[in-house]
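Input: a single structure, listed below in structure tokens.
Bear in mind that the values in this text are calculations on the coordinates, not laboratory data. It should be emphasised that the depicted structure is a prediction, and the values quoted were computed from it without experimental measurement. For neighbour counting, all protein chains shown are included, and Cβ atoms are generated from backbone atoms with ideal geometry for every residue, glycine included.
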Amino acid sequence: MRRGGGGVRDLEVVRGLLGALRAGEPRTAGGLGLVPVFGGRAAAGYRLAEEAIAAGLLEVGELGGGVVPELVVRNGAPEPVLLLEGEHLVGAKQDRVLNVSVLVPASSELPIPVSCVEAGRWAYRSERRFGVERTFATPDVRRAKTRSVAARQRRVGDRRSDQHAVWDAVAMRLAASGTGSPTASLRDAFVDRAKELDRILEEAGEPLPEQTGVLACVGGRPVALDVLDRPETLARLWPRLIRAYALDALGAQEAEVGEEEVERFVGRLREAEVTAHDAVGLGTEVVLTAPGLAGSALVWEAAVVHLAAFADPGNADAEAGPRSRTAAAIPLERGSEWRRRAGASADRSGSAPRSSGRGRSLR
């Protein structure tokens, strides 16, 4: 655990972001609800891993002869490269998912903590390096991983997940998707349901101007929150995030996103226990936990580069206590302002995102 003034300041940066977040009008695409989120400040410059790999500046491979919970990343770029919690890495001996967000320093090599999402393979096929899949891991897989990583990070100090819990989450997602996979690979579910996921992505539209995050809801209940430091980063990640959220939502009933549900989720996050830890690469990791909720944030130079949090939708009501007046309020932009933003987005994309029609303040 990180101790001292730097860690305390970084905790306040995360609390400040959570206190300043604003939510836009929810939109729906099938059983998936998406609440636009605004707020935060841009960190110093970095590249995304997907772009750095494509440019030949970043390599991700097995560590030595291969160990399940760690990979090695080599950054040849002249600036830091960002690998994000939940990113789905495919190739080498088995597919993995990033346990935490990592900002790899320029011209450096680091081991990075990962979880396996392909239990039935431990052999190279053709590619000995990892590529970035066109989706993140699903919220249920990220939730199982993040919950166990948070507990272990506080107890032991490393970032290993409960691998069996992750495999169980993958198995349940494959079963829910009706996907048979010879290697129990999460990727096979995305391949199997690709047409449906692409249709939901099209319905979801594009992120709005100035939007930095999104709260994903399944059947009207929040399940995952991703907040980035700048709108440009969210826009690049948008298709990969939405496909992952959408796989969780397949088969869910279409439902409006309730204001009380959003209030409850954000209220629990604002009241969560927070601890600061030295990051794998640059910056500080902040771990957030509350009953039925777990998350993490990467803070670098007084900016939250990425914050991700996950709720167990089945236990949200039972585990949520009384809401405090300070914790419950997340301002929801009024309908006229949302329509202005949506109109600007439609001018770029040619179609407006679907709205649930709710736009009043949650205060």
For the residue pair Ala302 and Val156, what label-to-label distance in nm results when each label sits 7 Å from Cα along the Cα-to-beta-carbon direction? 3.7 nm
Give the residue from Ala216, Leu247, Leu293 lying farthest towards the positive end of the charge dipole for region 205-320; charges sit on Cβ (+1 for Lys and Arg, -1 for Asp and Glu) and the dipole is referred to the Cα centre. Leu247
Dipole magnitude of region 5-312, debye to nearest 20 (Cβ charges: Lys/Arg +1, Asp/Glu -1, about Cα centre): 640 debye
Just to be sure I understand the model, the point goes 7 Å from the Cα along the line to the Cβ. What's the resulting Arg41 to Ser107 distance in nm? 3.0 nm
Sort 57-69, 36-48, 214-226 for me by packing, meaning the mean count of neighbouring Cβ atoms within 10 Å per residue, highest on top. 214-226, 36-48, 57-69
Whole-angstrom Cα spans of region 67-208 along principal axes, big to small: 40, 35, 35
With a/c under 1.5 counting as rounded, go ahead and sort region 171-222 into rounded, prolate or oblate using the C-alpha gyration tensor (a ≥ b ≥ c being the square roots of the eigenvalues; past the cut-off, prolate if a/b is larger than b/c, else oblate). prolate
If R₀ is 35 angstrom, what is the calculated FRET efficiency for the pair Val72 and Val8, using the beta carbon separation as r and rounding to 0.05? 0.65
Would you mind putting 21-28, 166-173 in packing order, based on average other-beta-carbon counts within 10 Å, highest first? 21-28, 166-173
For region 1-115, what is the percent of antiparallel DSSP beta bridges, rounded to the nearest 5? 90 percent
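Rounded to two decimals, what is Rg over Rh for region 5-312 when you use alpha-carbon atoms and the Kirkwood radius?
Working: Rg = 17.8 Å, Rh = 19.1 Å.
Reported Rg/Rh (Cα atoms, Kirkwood Rh): 0.93.
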Going 7 Å from the Cα of Val191 in the Cα-to-Cβ direction, what parts of region 53-91 have a backbone nitrogen less than 15 Å from that spot? 89-91
Along the dipole axis of region 51-156 (charges at Cβ: +1 for Lys and Arg, -1 for Asp and Glu; origin at the Cα centre), the most positive-end residue among Leu82, Leu57, Pro69 is Pro69
Which value in nm describes the separation of the simple spin-label points at Glu59 and His164, placed 7 Å from the Cα toward the beta carbon? 3.7 nm
Would you be so kind as to identify which of Ala309, Gly7, Ala119 lies farthest towards the positive end of the dipole of region 5-312, taking Lys and Arg as +1 and Asp and Glu as -1 on Cβ and the Cα centre as origin? Ala119
For region 153-166, Karplus couplings with θ = phi - 60° (6.51, -1.76, 1.60), whole Hz, Gly/Pro x: 4, 6, 7, 10, x, 9, 10, 7, 8, 7, 4, 5, 5, 5
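Given that compact globular proteins tend to follow 2.2 N^0.38 Å, what is the ratio of the alpha-carbon Rg of region 1-82 to that value?
Normalised Cα radius of gyration, region 1-82: 1.58.
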